[in-house]
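K.L.:
First the structure, then my questions, so here it is.
The values are calculated or read from the model by the stated rules, or taken from the named source; none is laboratory data. Computed from a prediction, not measured in an experiment: that's the story for all the values here. In this analysis, Cβ positions are derived from the backbone assuming ideal geometry, glycine residues included, and neighbour counts consider all displayed protein chains. Protein only, heavy atoms only, side chains kept; ligands, DNA and RNA dropped before computing areas. Shrake-Rupley method; radii C 1.70, N 1.55, O 1.52, S 1.80 Å.
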6 protein chains.
Amino acid sequence: MRPSQRTANQLRPYTLTRQYTRHAEGSVLVECGDTKVICTASVIEGVPRFLKGKGQGWLTAEYGMLPRATHTRSDRESSRGKQGGRTLEIQRLIGRALRSAVSLEQLGEFTLTIDCDVIQADGGTRCASITGACVALYDAVQYMRKNNLVKGNPFRHWVSAISVGIFQGEPVLDLDYPEDSGCETDMNIVMTETGGFIEVQGTAEGEAFSTEQLTSLLELGRQGCRELFDIQRQSVGA
Amino acid sequence: MRPSQRTANQLRPYTLTRQYTRHAEGSVLVECGDTKVICTASVIEGVPRFLKGKGQGWLTAEYGMLPRATHTRSDRESSRGKQGGRTLEIQRLIGRALRSAVSLEQLGEFTLTIDCDVIQADGGTRCASITGACVALYDAVQYMRKNNLVKGNPFRHWVSAISVGIFQGEPVLDLDYPEDSGCETDMNIVMTETGGFIEVQGTAEGEAFSTEQLTSLLELGRQGCRELFDIQRQSVGA
Amino acid sequence: MRPSQRTANQLRPYTLTRQYTRHAEGSVLVECGDTKVICTASVIEGVPRFLKGKGQGWLTAEYGMLPRATHTRSDRESSRGKQGGRTLEIQRLIGRALRSAVSLEQLGEFTLTIDCDVIQADGGTRCASITGACVALYDAVQYMRKNNLVKGNPFRHWVSAISVGIFQGEPVLDLDYPEDSGCETDMNIVMTETGGFIEVQGTAEGEAFSTEQLTSLLELGRQGCRELFDIQRQSVGA
Amino acid sequence: MRPSQRTANQLRPYTLTRQYTRHAEGSVLVECGDTKVICTASVIEGVPRFLKGKGQGWLTAEYGMLPRATHTRSDRESSRGKQGGRTLEIQRLIGRALRSAVSLEQLGEFTLTIDCDVIQADGGTRCASITGACVALYDAVQYMRKNNLVKGNPFRHWVSAISVGIFQGEPVLDLDYPEDSGCETDMNIVMTETGGFIEVQGTAEGEAFSTEQLTSLLELGRQGCRELFDIQRQSVGA
Amino acid sequence: MRPSQRTANQLRPYTLTRQYTRHAEGSVLVECGDTKVICTASVIEGVPRFLKGKGQGWLTAEYGMLPRATHTRSDRESSRGKQGGRTLEIQRLIGRALRSAVSLEQLGEFTLTIDCDVIQADGGTRCASITGACVALYDAVQYMRKNNLVKGNPFRHWVSAISVGIFQGEPVLDLDYPEDSGCETDMNIVMTETGGFIEVQGTAEGEAFSTEQLTSLLELGRQGCRELFDIQRQSVGA
Amino acid sequence: MRPSQRTANQLRPYTLTRQYTRHAEGSVLVECGDTKVICTASVIEGVPRFLKGKGQGWLTAEYGMLPRATHTRSDRESSRGKQGGRTLEIQRLIGRALRSAVSLEQLGEFTLTIDCDVIQADGGTRCASITGACVALYDAVQYMRKNNLVKGNPFRHWVSAISVGIFQGEPVLDLDYPEDSGCETDMNIVMTETGGFIEVQGTAEGEAFSTEQLTSLLELGRQGCRELFDIQRQSVGA
């Protein structure tokens, strides 16, 4: 029995609100249960130095959390003077995941900068960030197309992410905070709409997990991502 | 004529949404036109070292801005490794302003930590932060009272803040971004419900301002703050 | 009765020593009672990136304090690895104040860098910095004129600054440390020789202040600045 | 055909040299082909603040790379003033992996600090670090037992790690640098001697990978880890 | 012929002004030609952690330079966020030199913090800092004796420092900036009043120097230090 | 009697292993007793900004120590966020010493970057670094000559370094850690093959040292360096 009374393969209520803020080319509030993340995609001219003159674009991501997004207040990273290891790990993951959603070659010398800022955390912030930011990214690419900044359509396919885990011996989908902090194994799965894996990150918290457990977690994750692709497509009316 | 068609002494639409996020003891979304700030007040046991053992409390404030809260994306301060001068100046102002709203002696050895995070900026973010955070502060103090963490009522009176300025030769209330970036003089006024000034900060952007202009700006500010006190009181049903 | 036995509108002994150090284009020791600040103005070719190619100049300011300028030794900011909020706030103020003293358009692509280093502190260091640095700035501009680095005279008018405050219920001019640390309201006023305000920053330390108090503080500040303009003019023999 | 002429499931020559340096309680040079890492385990009295007084121990890991361990010299992180995201990600992984190899409860209030410093890199440095550091950890625990710092044996089981990937369409074991930089999918697998997974991290570099590919990669990884457990056991004469 | 017309063994005019600033227990302006350094010695209760409870004291030193102490303005270290290698090297030297001037055992659990801040530089700032700070240190120890903070006299003997070098083939005493920047070999010598060496640091700038040159430099340095001991003693009326 | 049973003028066993790692143009493991340092020399196109366009080269050095190179683990400087004063002082010394071994004019616009990383410390790491890195530098210059990156031979002569000190009243050569931590005077001597001094740095740890002691230390150092030149020449078969 899950603390939230959900069935093992049941997602939390999931909403994507587009044009959530005014200035960004793409801006989405993603809500996955009580987890809420503002995702923006900014279109910026130019590319990092290592790509200059190659005619291709770049996508980079940053992740942050408001100090009181969590049960107890955490220090503001700008005040501590550096981003922690968890933050850097998550933003590297978001960047890798979303770079697979666009054709960097088709972008031209533009950088798409993704910002994911958690305003309320209840587990699964990195997966919600990827899923929500992919919609912001879609909108930013549409902005570029409308303004003739790009030829063709550099958006390749939807990318979504969901967490799965072994909670009290059972594989479950979309862990909330009480499950996440008590689970034996925690796995984040990033997939493309076309059914392939972009990233699989499973960690045993305590006891090791078996091949069978891994297999059922992957199956649950696949189901979850399929639902998320529908939600993403509906959000843009596609 | 103001770009927003407002009259000289007209505030922008102003809303205060309490309990905006779940974890903080006080949590308010303040919207002042297109300026939107999430303000939280956290109740934390203990006080900074310089106050230990004195039996009194403390209030401190931090301010941040999401990278794409503005027209063009600004660098994330956690990634740059330090808070800029503007950020530090604003959070020092918010702290001074709100320390006058509570009796630190009555608080006991607790720290109230205020976080103001701008999710969309259109001028006046520091004033909106003070006005909104004062409501979060009110709620945090009520939380302490309900949970018997404090005796009596350490909340002394409402504090609100508004900007005024000389725009195209005329004193106007509550500058939005187009006015703020084009005005000759910019002034932030922080007042208490009892009619006194907590802070007056006026800056000439270019030509100096006269005593007469200063007098009319102060009068406009007083009017604006009076309206804000009503909005604050209504938001808590008082 | 003031601790220093001064009357309410009496400045401390005030001296400006030009050419205090050898290398800077302008170099002034300002002494305001026991407050002593070395102010230098350096003429540096080039402008910050955001101004490149616009044909205009820039003025920037930095402020520091020797560790033992104060009663108890404070940490060296270079050793702590960052400038504190108070330092950043003060140097932003000095920069804004002195940018109004020169015509940046007339400067051409030069940067005037102002350094104010407090070697002994007894209250009023930011105001003494502005008043003293304006003389160093004057000298640096004369250096530029003599060396044909600039056409015409980019120095527009004198700028001076003084603190005022409510001490034991009375408005007083030019607070020294014992007054500053015990006053109810503290205000810094920056004016131009032509009688206008550049900056007015008043802060209630504790109880709020009234419009009447504000009015009498402004009047005191105006008097103080008038005296300082005379001292500045005399220092350069003008 | 692999650039190194190895068969798909062939490890590179793998050696573990114990007591490689003199001062650490455990010190191992791990060589996996041309990848060479010095791994030390230090026994330090006391635990981090969040564990104080709980009677249990802690294990933490740090990872570094000599500037010229790589083809082109990379900046020294101490000189840049911070550890990069990759470094932090790897040392978090090493820490999680090795915490599963010891019973923190049995350790008592000691911290085992693992340092992995790459002196020559040719792909697979994080996996070599885990496998080598586990032997250093074993030796440090033996040191504690011999010196009566601990009761019983807190070392639970061997933990090893290996990379697998899809290179030119084929699943291969233990990627060297030419394979790593050219592969389609890269996966790091951390296992316990008892056959369970501690960590599975697979990333598509470009095209997504399928469930079938994932399955064969996991099988290859299992084989590789089994060989490594033998090498670990032989190194300590067990 | 030296640029300054001095003879080879001639010091620059050298003055020590005690009680230069008001707050420090010892405060000296040292002027060595155009080199001017403010040296303060602060008496601070307590010692660093590594000495706690051992009943002895400590002495530490910090060194800084105003940005425009030099011909061209140098960056403020607090603004750059760290002290440079030259600064750290100098302050370590000052600390070592002056620790030999006091009996740390006799000091009790106090820390003497030496600050040397260069307000004008013309070569020889580190040597002037040591010589001047030793007088500030003397005064701080007298302050401790008068206030019964210490038993006996922890001041052991005078310590002074002077630079010597090979300029245009000739050994010369007390290099000013034009000599320092053009010399072949530069050596700093720190001695005690009792005739021993505390520190000898000689560096060839270009060609190596011979044993004979080293011998004559040491002899010149000894002469210079003897003169400085007289100046130190006279400054305190001893 | 020395703790190591060596005679006063006896070096520890000294070995230089060339081509110790694969990627650097020059790579040497230097072992001086139990002190072990990996020295690499990297050939990098381009020069620092202050030399651009002058047609000459540059040499710079960095020094580091693995956290557990020492008896007790020391913090990783990359994790603390800055290099300590000792590190900066040592790498400045290594750089100055080795710049005298090459003709920067002949190098052309290349930078030779020296990295010295201590993997095991037992006293004398800075001297071993200089002596070992000079061989790595030699190899890097030969690499440049073979690849026609340079005309002629910019390697001028061997540079070596050794420590000497007064231990229990006697001058001794090549201090190991027990001697170094207990000696009265410690001196590092850097010489060229041609018999001149590049750097002499002597420090009294406690009592001052006399001219006679200094003279005998210099003589011991000269002997030590002569032996090291032979070892350097033999290592390259010259």
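K.L.:
Only one residue in B:98, B:66 is of a type in the set (A, V, I, L, M), touching a strand residue (DSSP E or B) at 6+ places or on another chain (Cβ under 6 Å) and more than 18 Å from residue B:136 (Cα to Cα), so which one is that?
P.N.:
From the options B:98, B:66, the qualifying one is B:66.
K.L.:
Any residue in region A:42-63 that is more than 27 Å from residue A:156 (Cα to Cα), at pLDDT 95 or above and not hydroxyl-bearing (Ser, Thr, Tyr)?
P.N.:
Scanning region A:42-63 turns up no residue that is more than 27 Å from residue A:156 (Cα to Cα), at pLDDT 95 or above and not hydroxyl-bearing (Ser, Thr, Tyr).
K.L.:
What is the number of the single condition among (1) surrounded by fewer than 15 Cβ atoms within 10 Å (Cβ to Cβ); (2) outside any strand (DSSP E or B); (3) at pLDDT 95 or above that residue C:15 does not meet?
P.N.:
Status for residue C:15: all satisfied but (2).
K.L.:
Among the numbered conditions (1) in contact (Cβ under 8 Å) with a residue 24 or more places away in the chain; (2) within 14 Å of chain D (Cβ to nearest Cβ), tell me where residue A:170 comes up short.
P.N.:
The single condition residue A:170 does not satisfy is (2).
K.L.:
Sort out which residues of region C:87-116 are closer than 18 Å to residue E:79 by Cα, open to solvent by 10 Å² or more (accessible area, probe 1.4 Å) and among the acidic types (Asp, Glu), and write them in order of number.
P.N.:
Correct list: C:89 only.
K.L.:
Collect the residues in region C:198-234 that are hydrophobic (A, V, I, L, M, F, W, C) and either farther than 27 Å from residue B:95 by Cβ or touching a Gly at 6+ places or on another chain (Cβ under 8 Å) (or both), keeping them in residue-number order. So that I can check it myself, show each step before the final result.
P.N.:
Restricting attention to region C:198-234, the residues satisfying the condition of being hydrophobic (A, V, I, L, M, F, W, C) are C:198, C:200, C:204, C:208-209, C:214, C:217-218, C:220, C:225, C:228-229, C:231.
Residues satisfying the conditions are C:200, C:204, C:208, C:209, C:214, C:217, C:220, C:225, C:228, C:229, C:231.
K.L.:
I want to confirm something. Restricting to region B:177-196 and keeping residues that are open to solvent by 60 Å² or more (accessible area, probe 1.4 Å) and more than 24 Å from residue B:6 (Cα to Cα), which single residue is farthest from the other protein chains (Cβ to nearest Cβ)?
P.N.:
First, pick out the residues of region B:177-196 that are open to solvent by 60 Å² or more (accessible area, probe 1.4 Å): B:177-178, B:181, B:184, B:193-194.
Applying the additional criterion that residues be more than 24 Å from residue B:6 (Cα to Cα) yields B:193-194.
Values: B:193: 10, B:194: 7 Å.
Looking at residues that are open to solvent by 60 Å² or more (accessible area, probe 1.4 Å) and more than 24 Å from residue B:6 (Cα to Cα), I get B:193.
Per-residue answers, yes or no, for (1) part of a loop (DSSP other than H, G, I, E, B); (2) within 22 Å of residue E:20 (Cα to Cα):
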site: E:74; (1), (2): yes, no
site: E:82; (1), (2): yes, no
site: E:86; (1), (2): no, no
site: E:90; (1), (2): no, no
site: E:95; (1), (2): no, yes
site: E:113; (1), (2): no, yes
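K.L.:
Further, regarding this structure: Just one of the numbered conditions (1) farther than 30 Å from residue D:3 by Cα; (2) modelled with pLDDT of 95 or more; (3) more than 7 Å from chain F (Cβ to nearest Cβ) is not true of residue D:74; which one?
P.N.:
That leaves (1) as the condition not met.
K.L.:
Okay, next question. With the requirement that a residue be out of contact with any Pro (no Cβ under 7 Å at 6 or more places or on another chain), of a type outside the set (Gly, Ala, Ser), under 21 Å from residue C:201 (Cβ atoms) and open to solvent by less than 20 Å² (accessible area, probe 1.4 Å), what does region C:151-166 give you?
P.N.:
Here is the first cut: in region C:151-166, the ones out of contact with any Pro (no Cβ under 7 Å at 6 or more places or on another chain) are C:151-163, C:165-166.
From what's left, of a type outside the set (Gly, Ala, Ser): C:151, C:153-159, C:162, C:166.
Adding the requirement that they be under 21 Å from residue C:201 (Cβ atoms) leaves C:157-159, C:162, C:166.
Result: C:158, C:159, C:162, C:166.
K.L.:
Could you list all residues from region C:197-217 that are in contact with a strand residue (DSSP E or B) (Cβ under 7 Å, 6 or more places away or on another chain) and open to solvent by 10 Å² or more (accessible area, probe 1.4 Å)?
P.N.:
Across region C:197-217, the qualifying residues are C:201, C:203, C:204, C:205, C:208, C:213, C:216.
K.L.:
Suppose the filter is assigned to a strand (DSSP E or B) and either open to solvent by less than 10 Å² (accessible area, probe 1.4 Å) or within 14 Å of chain B (Cβ to nearest Cβ) (or both); does residue A:130 pass it?
P.N.:
No, not satisfied.
K.L.:
How many of the residues in region D:19-69 are farther than 16 Å from residue D:119 by Cα and out of contact with any Pro (no Cβ under 7 Å at 6 or more places or on another chain)?
P.N.:
Residues in region D:19-69 being farther than 16 Å from residue D:119 by Cα and out of contact with any Pro (no Cβ under 7 Å at 6 or more places or on another chain): 26 in total.
K.L.:
Scan region B:31-41 for residues that are surrounded by 21 or more Cβ atoms within 10 Å (Cβ to Cβ), within 27 Å of residue A:63 (Cβ to Cβ) and not small (Gly, Ala, Ser) and report the count.
P.N.:
Residues in region B:31-41 being surrounded by 21 or more Cβ atoms within 10 Å (Cβ to Cβ), within 27 Å of residue A:63 (Cβ to Cβ) and not small (Gly, Ala, Ser): 6 in total.
K.L.:
In addition: How about region C:93-150: which of its residues are of a type in the set (D, E, K, R) and without any contact (Cβ under 8 Å) to a residue 40 or more places away in the chain?
P.N.:
Going through region C:93-150, the residues of a type in the set (D, E, K, R) turn out to be C:96, C:99, C:105, C:109, C:115, C:117, C:122, C:126, C:139, C:145-146.
Across region C:93-150, the qualifying residues are C:145, C:146.
Yes/no per residue for (1) closer than 17 Å to residue A:91 by Cα; (2) within 11 Å of chain A (Cβ to nearest Cβ); (3) surrounded by fewer than 22 Cβ atoms within 10 Å (Cβ to Cβ):
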residue: B:43; (1), (2), (3): no, yes, yes
residue: B:46; (1), (2), (3): no, no, yes
residue: B:49; (1), (2), (3): no, no, yes
residue: B:55; (1), (2), (3): no, no, yes
residue: B:60; (1), (2), (3): no, yes, yes
residue: B:63; (1), (2), (3): no, yes, no
residue: B:66; (1), (2), (3): yes, yes, no
residue: B:82; (1), (2), (3): no, yes, yes
